[in-house]
Amino acid sequence: MPFTFAKSTATADESCTVEDALSLLEFLLANPGAKVDLGPCATLHTAVLQVLLAVKPKIIALPREAFLRRWLSPALAPPVKRGSK
Amino acid sequence: MGTPLLERFVGEARDLLQAAASALLVLEKQATDEAAINDVFRSVHTLKGSVGLFDFPAFTKLVHAGEDVLSAVRDGKLGLTSDLVDVLLDVLDQVGAWVDDIDGTGALAQGADGISKEMTARLRTALPADYGAAQASPVAAHAGDLTRVDWLGAIPEAERLSAFRAAMIGADLQAIEYVPLDDCFFSGEDPFILFRQLADLHSLVVEPTEPWPSMEALDPYRCVLRFRALAAAPPVEIETLFRYVVEQMRIAPISPHALVSVTGGASGSPVYGDFVDQARPLVLAGDWSALKRAVGALLQLTAPALLSASALRWLEAVLTAPAPDKGWVNALIDCIAEGEEDLHPLEPRTPPSADIPNLAAPIPTALGGLSPTAARILQSQRTILGLSLPAAGLASRLDSVARTVENFLASEGLGAAESTAWSAAVDAAMVEGDCAPAIDLLDQWLLVGGDSTEAVIAAVMMAGGDLPRSRPEAGEHLGHEIKQASRILKVDQAKVDALMNLIGELVVSKNSLPFLAKRADEVHGSREMSREIKELHAVIDRLAQEMQSAIMAVRMLPVSEVFDRFPRLVRDVARKLDKHIDLVIEGGDTAADKNIIESLGDPLLHIVRNAIDHGIETAAEREAVSKPTQATVWLRAFQESDQVVIEVVDDGRGIDPEKIKASALAKGVIDEDRAARLSDQEAVNLVLIPGFSTAAKVSDLSGRGVGMDVVVTGVEKAGGSVTVTSKTGEGTTVRLSLPLSMAVTRVMVVEAGGGMLFGIPMDHIVETVRVHRDNVRRFKQAEAFVLRDAVVPLIRLDHLLGEQSQVWFGDGSEEDAVLVVRVGGNMVGLMVDNFREGMDIILKPFDGILSCIQGYSGSALLGDGRVLLVLNLKELL
């Protein structure tokens, strides 16, 4: 089980696969306000990313892996948008 | 023969060539048939793609040239004439020959390079002169992919800056928009991971395509994301990476200037005025390193959120280029001087793709924005010139405006005349120390420019309208292929044949169960056991039959397999003979066994050639008898009970029975007596007799001394029959009827010659009757009986087979078992000892020394191990 679900925190494992999207969503549904720790995560499946984007839980830690950290940080912790759309 | 890949290529190439050729013929008839254009283009395109896998440069080049021509045809730049179709068909033929070479030897025939060169040249001459130029730039071909890149402005400045810097040092920027399918997770895709593999990703925005549903309603496995990225990678690399999802992604080249926007809070500090004054001379002098230092120093002092900071950052980025663009530098310095937000400060440096819209105001269509943008650029330059300013600044300002307008002219592709006029005006302004000449010219353009910009827009619309079309199609094609791949299995025929043999064996073994049942009853005295075996037999029988028909269905091919080559043949022959012929194919999807279909090919070829060569008159002759000059040949296929019927019908001159009779007489096929007695239909049937050919002269096409009898032999070998009907002056119909399958033969088993078993093919049998001995009439040696008011000759099978059966094996009721059969249109009664059951058998023709034995079509193995001889009634009677 790549996500470790504690009382109010889901901690990601190194690799989050497509199956984990459902379990994560169920956890977040059951525990509103739960936080997610992505620290150890090195590969994140799009489906999991989509759950994170849709539910917008509080992210305690972004992945330490460089690529994920770089491109997830604006999406999961959106900075104030500059420029006009 | 080489690798499996090569083998597959050969098969595929043949299919593609066939598809291309038939589509070409449709096109020739109706040049506007878009589906056909796309078909032929797609086939050739795919062929080009597949041959690229192998090292056949001559092949690839020729197909490529063909593709160019077809692409020009598709874009409406080239009309498809009959001559062009001839050239293209020649190309297809040549390619077909090469495919055969590859199949045979694994390499192209000698001299392929030369042929390729010559044919390529022929194709190229057909192309419009400017066509190659338009195709030369691959960027142009892809420019239409992503028609709206209006989201660039939403990308954080830092990311745009980094992309811009990369572009400044020569990287190729691409905007990628990828909207995965809803169900992409189910097909194992992970869209996000794709971007990880992109070499130089500068921006990635992941957004939902629709507002997020509530948490409860969220379906985690329905992908609603949209990915927008900016990458500095060659388009080819991106396309390779996204090759499996090519339908869902769009890419567009981004010119760097589109990334630039200067935004932020205004600052009234005099520092910037000083900087502007200091910078201008540096720009004029081209002292970039000094300017860079100045920019760097000022940037340190400026709060990042300020507008001037933004402009300075961009300026710094522009200056990273080995040879910074003066116009851009000036424009950014202008921004700092004016202190106003400018979302689109830079003009394109290079001719931009038309579809990069104004960053500031996303306009409904990218193309529609061109006119206001163009006007705005000219207008703003005119305003700059119109500002009053000290004489010293004139030179630099004029220089900057001059450059901008020149770039604009170049980018809009306006003619040399405008640009000459412009430099003349600028020179005049320089000399006079007054902007007036330049302003006048700009005013003039702005006033009358309507027309010319409109022309530009029209041109862009054309390009934009045509080019993007190619992508979705390519995608569509890919999708189509994938769909096909999952549904259609290409299986070696030998495997199906093996299955066929196995099912044959199974049928035979199954047939032994009734014998076993009988033995159980008679030998072991167990009636119960016998009944159970019979029940089991019924089940196995049903399964075996279903299995057999399933395997037969695998072997079934549509007759279009054979028909497909005829449009080409008819066209070529008709052109050669200068006849106008319309070929109408009906029922191409009628299916029959592969062997049957294959055995049809040659006979049909012969019949159709005959029809065109002899049957159809020339246009002049047709006109003389007031027929439409356009003759028609119908090729029809349909199923009639368990036969597949192919008809070749023409509306030509028909067969003249008198001529046939005369010819037959002359050739000694019949004698005068018989000729006089022949009905017209019988006379027509004479053409089917061996050694008969009416061809007045031997032509290239038919009448090579082999007549219709070749057709008859071919068709009869496959268990079929041929009939010819004709009406003088109205046309001829040749009708072939063939069994749907010849793998399994249904026979009736009869007893004759004292307990010997013989099989008689079921298709000959009309009925079984028992004839009372008293009803058999004798006419000298011959016997006959009356069956429903018709006299049917009676033949004893024993006599026929040379068996002397004195002993009468009848069933004692003074009745004889008579099998009424139809042979060659005549009813004959065959007297046998006894009827046995009907049976499916696998007929094995005699081979070896047995093959010369007349009267039998083969043998089959019975369930109890006995050999059943199957009679060939045609030979016997």
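The values are calculated or read from the model by the stated rules, or taken from the named source; none is laboratory data. Predicted model, so just to flag it, every value in this text is computed and none were measured. Positions of Cβ are generated from backbone atoms using ideal geometry, with glycine treated the same way; all protein chains shown enter the neighbour counts. Just so you know, the surface numbers come from the protein's heavy atoms only, side chains and all, with ligands and any DNA or RNA stripped out. Shrake-Rupley method; radii C 1.70, N 1.55, O 1.52, S 1.80 Å.
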* Asked: Would a scan of the range B:317-337 turn up a residue that is surrounded by fewer than 24 Cβ atoms within 10 Å (Cβ to Cβ), under 17 Å from B:Gly265 (Cβ atoms) and modelled with pLDDT of 80 or more?
  -> no
* For residues that are at pLDDT 80 or above and either away from every other protein chain (no Cβ under 14 Å) or part of a helix (DSSP H, G or I) (or both), scanning just the range B:169-178, find the one that is most open to solvent (accessible area, probe 1.4 Å). => B:Glu177
* Asked: When only residues in the range A:4-44 that are in contact with a Cys (Cβ under 7 Å, 6 or more places away or on another chain) and buried (at least 22 other Cβ atoms within 10 Å of the Cβ) count, which is farthest from the other protein chains (Cβ to nearest Cβ)?
  -> A:Ala12
* Is at least one residue of the range B:83-102 part of a loop (DSSP other than H, G, I, E, B) and either open to solvent by 20 Å² or more (accessible area, probe 1.4 Å) or touching a helix residue (DSSP H, G or I) at 6+ places or on another chain (Cβ under 7 Å) (or both)? -> no
* Failed item in (1) at pLDDT below 80; (2) open to solvent by less than 80 Å² (accessible area, probe 1.4 Å), with B:Gln781 passing the rest -> (2)
* To do: Please state which one of B:Ala463, B:Ala498, B:Ala517 is at pLDDT 80 or above, of a type in the set (Gly, Ala, Ser) and surrounded by 15 or more Cβ atoms within 10 Å (Cβ to Cβ).
  => B:Ala517
* Looking at the range B:574-585, which of its residues are open to solvent by 70 Å² or more (accessible area, probe 1.4 Å) and either within 25 Å of B:Val554 (Cβ to Cβ) or assigned to a helix (DSSP H, G or I) (or both)? -> B:Arg575, B:Lys576
* Asked: Looking at the range B:30-51, is at least one residue touching a His at 6+ places or on another chain (Cβ under 7 Å), touching a residue at least 40 places away in the same chain (Cβ under 8 Å) and open to solvent by 10 Å² or more (accessible area, probe 1.4 Å)?
  -> yes
* Structure fact -> Screening B:Ala121, B:Ala154, B:Ala140, B:Ala136 for residues that are open to solvent by less than 60 Å² (accessible area, probe 1.4 Å), over 21 Å from B:Phe227 (Cβ atoms) and modelled with pLDDT under 80 leaves only B:Ala140
* To do: Output yes when any residue across the range B:216-232 is among the acidic types (Asp, Glu), at pLDDT 80 or above and more than 30 Å from B:Ala303 (Cβ to Cβ), and no when none is.
  => yes
* Take B:Glu239 and decide whether it is acidic (Asp, Glu) and within 16 Å of B:Leu194 (Cα to Cα). => yes
* **Boolean, B:Ala266 is more than 11 Å from chain A (Cβ to nearest Cβ), more than 40 Å from the chain's Cα centre (by Cα), touching a residue at least 40 places away in the same chain (Cβ under 8 Å) and surrounded by fewer than 21 Cβ atoms within 10 Å (Cβ to Cβ)** => yes
* Structure fact -> Residues in the range B:155-168 that are more than 14 Å from every other protein chain (Cβ to nearest Cβ) and not in a helix (DSSP H, G or I) total 0
* State which residue is nearest to the other protein chains (Cβ to nearest Cβ) when the search covers only the range B:192-238 and only residues that are open to solvent by 40 Å² or more (accessible area, probe 1.4 Å) and among the aromatic types (Phe, Trp, Tyr). => B:Trp212
* Across the range B:663-674, which residue is least open to solvent (accessible area, probe 1.4 Å) among those that are of a type in the set (Gly, Ala, Ser) and more than 20 Å from B:Thr725 (Cβ to Cβ)? -> B:Gly668
* To do: Kindly indicate which of B:Gln248, B:Gln300 is of a type outside the set (D, E, K, R) and in contact (Cβ under 8 Å) with a residue 12 or more places away in the chain.
  => B:Gln248
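Results for (1) under 19 Å from B:Ala860 (Cβ atoms); (2) of a type outside the set (Ser, Thr, Tyr), shown as yes or no for each residue.
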{"site": "B:Leu489", "(1), (2)": "no, yes"}
{"site": "B:Asp497", "(1), (2)": "yes, yes"}
{"site": "B:Asn501", "(1), (2)": "yes, yes"}
{"site": "B:Val508", "(1), (2)": "yes, yes"}
{"site": "B:Asn511", "(1), (2)": "yes, yes"}
{"site": "B:Ser530", "(1), (2)": "no, no"}
{"site": "B:Val539", "(1), (2)": "no, yes"}
